[in-house]
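Novice: Just passing along the structure, written as structure tokens.
The values are calculated or read from the model by the stated rules, or taken from the named source; none is laboratory data. Just so it is clear, the model here is predicted, and its values are computed rather than measured. Virtual Cβ from ideal backbone geometry, glycine too; neighbours counted across all protein chains shown.
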Amino acid sequence: MKSQRTSFIFFAFGTTVFISLFLFLTVLNPLTVYDTDDWLYIGQFRKPIPLIGSWNPIKVFPETFMPIISYFGALFIKPLIHNYSYSLTLAHGFFGSLLLSLYFVEFALLCYRKKMASLKMSICYAVLFIMLHFITYIHDGSDNVFLLWSTDLTCFYNYTLSAVLNASLVMHSMANGNTQNLFRKSNLLVKILVLIWIYFAIFSNLFSSVILASYIGTELLIQLVSNLKNKAFNLKDYFLSNILNLIIILGWFISNLLETTGGRASEIGKSTLNNIPKTILMSLANLVTVNIFITILGLVIGILWIKKMNRFKEAAQKFILYIFLSISYLVLLCSSANPFYIIRSEVAITVFFYLFVALIASFNDLLHNNKKYARLLIILVGTIVLLFIHPGKIFYSYNYSNISYEQCEALINDYINQFNVAGQNNQAIDLLVPYYELEYNWPIADFAGDNIAIALYKHRIIHSSIKVNKIVPDKTKNIQFNISESDLEENMQKAYLPLF
């Protein structure tokens, strides 16, 4: 009876989280198709395997599910609501909400199954966990980024959803002892599902899969050190007792090697060593953008926890390794790609995930020591004060230009109208788009014409395949849709580093 009640409570919590996230991603801050990459990946299928030499060899998860979900929206939701743009928003909002709900529910389950807290407190901690994701970068009352934000729909799949896929797997493994125990005690069907989960986690994105790699690497390293310390190391026994973890970490290293064969990798990596100091400085600068009240709370809880516990627990040692390994890898990867990546929320979530789990676990230890420590959470109430500084739209939109959903929909409808007119006249088209100051007219690049045409045709929005001669940036479109032509990259950096 108790088990049924517990399951019902977790189901009710998960349903509530899902509905809240779905409303957020489809109404309050909708996911929208907007830039060049969005149009490419909503209409382009790939084989669900690593592709040596392709542009993104190992991004199997995002590039498999993004077009599938897009087709579902266009072919099944659109006929019901007769709105192409919003059908895509509903489809991606639904899928995104499912994965994010899994992420947050797994945290609650972790707290409960590891006996950190009671059922009620586990739900409360999960609510705090969710809240931390939304207030992390709040610095005033308008245009704040947050840990579940991405620069566009493509990055939402490539980074945010890839990160929560990995983090959910890690928490699920933690709640069941470790990945080896999870696999060992599962039936055949669950084993298959876990292997599929692991596969898509590894082959998602290097910035995200390090969440899983640092967890598995820490487990392997700690057991190795323990065996050596106790003079009980045997290579065969170590291999047999860690065979799944070794396969996972080997698969992750292979994914790194495969990614170096890609077209994107060929354009980066030439100044890695020179960029390391800059990347580290950018990482430190990222601390400036974090909500000051979260920083204060973290420092106070950390100092009190060390003082009260007197020594580090084994769990604390593990989390230090998780964070150290993650940061070290990200510094090298961002130095190879672009130092600015290190402060992007889509990348920072990799480290903040472990930090937030450690923060709440330490807070829980303090509460067990003395209930008065619950008052520490009052520190976070100071966030409300920040919202009165330049009040406006609280969160940055899910698109590069920070425009509203209505503007994105109007722009899509304009593209469709242009294609329909060209189709009636059996002509190729010079597609008129807003003008931007960035190179290639990014984010609606001057090479995006085929991307848009193919997506609209495959989604049965236009009835014939129409050739796009060229993209024509037109400032009258900026006026028509009230879209700024200013330097978007500078605005983006201001969104991350508001004090500079």
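Novice: Can you name the number of the only condition in (1) closer than 27 Å to Y86 by Cα; (2) in contact with a helix residue (DSSP H, G or I) (Cβ under 9 Å, 6 or more places away or on another chain); (3) in a helix (DSSP H, G or I) that E406 fails?
Specialist: (2)
Novice: Select from the stretch 20-51 the residues that are over 19 Å from the mean Cα position of the chain (by Cα), more than 27 Å from D446 (Cα to Cα) and among the hydrophobic types (A, V, I, L, M, F, W, C) and write down the one among them that is modelled with the highest pLDDT.
Specialist: Applying the filter and picking the extreme gives V27.
Novice: Could you list, in sequence order, the residues of the stretch 303-322 that are over 15 Å from L355 (Cα atoms), exposed (fewer than 13 other Cβ atoms within 10 Å of the Cβ) and at pLDDT 80 or above?
Specialist: K307
Novice: Restricting to the stretch 47-68, name every residue that is buried (at least 17 other Cβ atoms within 10 Å of the Cβ) and in a loop (DSSP other than H, G, I, E, B).
Specialist: Residues satisfying the conditions are P50, L51, S54, N56, P57, I58, K59.
Novice: Still on this structure: Restricting to the stretch 390-427, give me the number of residues that are surrounded by 14 or more Cβ atoms within 10 Å (Cβ to Cβ), closer than 23 Å to L456 by Cβ and in contact (Cβ under 8 Å) with a residue 24 or more places away in the chain.
Specialist: The qualifying residues number 20.
Novice: Now a separate question. Checking A126 against (1) part of a loop (DSSP other than H, G, I, E, B); (2) closer than 24 Å to T295 by Cβ; (3) not charged (D, E, K, R): exactly one of these is not met. Which one?
Specialist: (1)
Novice: When you go through (1) of a type in the set (S, T, N, Q); (2) in a helix (DSSP H, G or I); (3) closer than 30 Å to Y400 by Cα one by one for Q180, which number turns out not to apply?
Specialist: (3)
Novice: Hey, another quick one. Can you find even one residue in the stretch 172-185 that is closer than 22 Å to F65 by Cβ, assigned by TED's automatic domain parsing to the domain that holds Y341, out of contact with any helix residue (DSSP H, G or I) (no Cβ under 8 Å at 6 or more places or on another chain) and surrounded by fewer than 20 Cβ atoms within 10 Å (Cβ to Cβ)?
Specialist: no
Novice: Here is a further query. Answer with yes or no whether F76 is surrounded by 16 or more Cβ atoms within 10 Å (Cβ to Cβ) and either of a type in the set (V, I, T) or part of a helix (DSSP H, G or I) (or both).
Specialist: no
Yes/no matrix, rows are residues, columns are (1) part of a helix (DSSP H, G or I); (2) of a type in the set (D, E, K, R); (3) in contact with a Lys or Arg (Cβ under 7 Å, 6 or more places away or on another chain); (4) in contact (Cβ under 8 Å) with a residue 24 or more places away in the chain:
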position: A348; (1), (2), (3), (4): yes, no, no, yes
position: D365; (1), (2), (3), (4): yes, yes, no, yes
position: A374; (1), (2), (3), (4): yes, no, no, no
position: F388; (1), (2), (3), (4): no, no, no, yes
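Novice: Given the criteria assigned to a helix (DSSP H, G or I), buried (at least 20 other Cβ atoms within 10 Å of the Cβ) and in the same structural domain as V381 (by TED's automatic domain parsing), does S150 qualify?
Specialist: no
Novice: Kindly indicate whether any position in the stretch 473-484 is acidic (D, E), surrounded by fewer than 18 Cβ atoms within 10 Å (Cβ to Cβ) and modelled with pLDDT under 90.
Specialist: Within the stretch 473-484, none of the residues are acidic (D, E), surrounded by fewer than 18 Cβ atoms within 10 Å (Cβ to Cβ) and modelled with pLDDT under 90.
Novice: Shifting gears a bit: Restricting attention to the stretch 150-167, report how many residues are out of contact with any Pro (no Cβ under 9 Å at 6 or more places or on another chain) and either polar (S, T, N, Q) or at pLDDT below 95 (or both).
Specialist: The number of residues fulfilling the criteria is 3.
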